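This report concerns only the one structure given below.
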């Protein structure tokens, strides 16, 4: 289908006006923390594309502000209504240390705020099971999600999906909820609730303060399906874990279905109670791996169809060969290629992809790998990726930061300066961190860090082997 090319100056003007509308919707404080620096907004007739510096910022905006961006875009009929969030590591240079600290503080404050989403709230869950691209990397998780979404009795008590950032976990959870919303049992609509573990925690804390725990429990325990995303957020939160355990047991007794997603296997989520871990592993625990080459090509082909652009098969194969990370990275690369082709007035070709995207592809691959390492390490130590980028120097954060830098040197081809720029540190900090952990390994030493239950120690070789297994 032919599309009308919007002049570059008009696109820039639309993007500026749209960013102003987003600022009004999210508020000045949130805008300064997440949008003002280190982001780039572009607009065309198909898409509104927000480019950010790293996977952490992408996930935070996706979780907390995507709806605001979509609502702002609706006020601009000339702009595309599909919201895409992509990553460009070169934008990291715009993030000063102070801004990283502001983002880390925002994450901390958010955990104390009241949850905002009531049961069966009128929010649009964008993902559907029928849009999920199935491959060897995810077919077991997809089949399990289909079983939960069905109207019959689920063959397992609970479904726990785990895997790296951007591999489709949220897509499956939202797809199950959308399937629930379209069906009924004996003429009655099925009740469901989709919420992140952070929102569950916020609502529970608010209910305790306001002495409305009974209302909170009724809201979560009187439902046919409870979908909990980002379960690793429950790490080290003993009171919330206890409450979720009771909710889990109550739903199990009444026949309610439970589907969860996390960055790590239940046994690898730091500071998760043994009772919860045993409940999770008693159900269906399934991992999602990064998409293989054939699956990546099919994802790109479907994305091109949604964007209504014609991309030669050899170009799809070229992109799939260079981008091996998350689905979000695949889609973002295709969007950039289409935009460049439109601006230049030329056809999409392997030559254009090679010339225009070679640097982007190399940077994206490295950044994604380090982003995955950050997610795994942060989840294990019970902190957030924002803490790794902050100037905090507590024993736990410093140890996690040292381990992240060491694993980045071992598992990526990034140089010391590249790792430093990505994490907001200087070159010498990365060198010293790697040398320090090298010495611990040479001495068969242990690594010690603090947890809410006291100090914890583990042989460095064992710790690195455990984390390397999760990354791989």
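The C-beta contact set for the range 221-236 (first residue at positive phi, second residue buried (at least 23 other Cβ atoms within 10 Å of the Cβ), distance under 6 angstrom, 6+ apart or interchain) comprises 236/382. Identify, please: which residue in the range 227-236 is crowded, with 21+ Cβ neighbours inside 10 Å and not in a helix (DSSP H, G or I) and is, among those, modelled with the lowest pLDDT? My answer is 235. When each of 286, 281 is tested for being at pLDDT 90 or above and under 19 Å from the mean Cα position of the chain (by Cα), the lone residue that passes is 286. Entry remark, the range 161-198: residues being under 25 Å from residue 276 (Cβ atoms), assigned to a helix (DSSP H, G or I) and modelled with pLDDT of 90 or more number 10 in total. Residue count for the range 176-203 under the criterion of being in contact (Cβ under 8 Å) with a residue 60 or more places away in the chain and either touching a strand residue (DSSP E or B) at 6+ places or on another chain (Cβ under 6 Å) or within 30 Å of residue 384 (Cα to Cα) (or both): the result is 12. When the range 75-94 is filtered for residues that are at pLDDT 65 or above and under 17 Å from residue 423 (Cα atoms), the ones remaining, listed by number, are 87, 88, 89, 90, 91, 92, 93. Against the test of being touching a helix residue (DSSP H, G or I) at 6+ places or on another chain (Cβ under 9 Å) and either modelled with pLDDT of 80 or more or surrounded by 15 or more Cβ atoms within 10 Å (Cβ to Cβ) (or both), the options 15, 70, 33 yield a single qualifying residue, 33.
If the condition is being modelled with pLDDT of 85 or more and either surrounded by fewer than 22 Cβ atoms within 10 Å (Cβ to Cβ) or part of a helix (DSSP H, G or I) (or both), then the range 40-62 contributes 40, 41, 42, 51, 61. Looking across 223, 201, one residue alone is assigned by TED's automatic domain parsing to the domain that holds residue 172, at pLDDT below 95 and not in a helix (DSSP H, G or I). It is 223. Confirm whether residue 31 is part of a helix (DSSP H, G or I), under 20 Å from residue 166 (Cα atoms) and within 21 Å of the chain's Cα centre (by Cα). No. Within the option set 443, 438, being within 12 Å of residue 403 (Cα to Cα) and assigned by TED's automatic domain parsing to the domain that holds residue 394 holds for one residue only, 438.
For the range 124-154, the set of residues classified as touching a strand residue (DSSP E or B) at 6+ places or on another chain (Cβ under 8 Å) and not in a helix (DSSP H, G or I) consists of 125, 137, 138, 151, 154, listed by residue number. When the helices (runs of 4 or more DSSP H) confined to the range 237-324 are screened for residues that are outside the structural domain of residue 172 (by TED's automatic domain parsing), those reaching at least 1 such residues are found at 293-307, 313-322.
The values are calculated or read from the model by the stated rules, or taken from the named source; none is laboratory data. Just so it is clear, the structure is predicted and the values come from calculations on it, not from any experiment. Quick reminder, even Gly has a Cβ in these numbers, built from the backbone with ideal geometry, and neighbours come from all protein chains shown.
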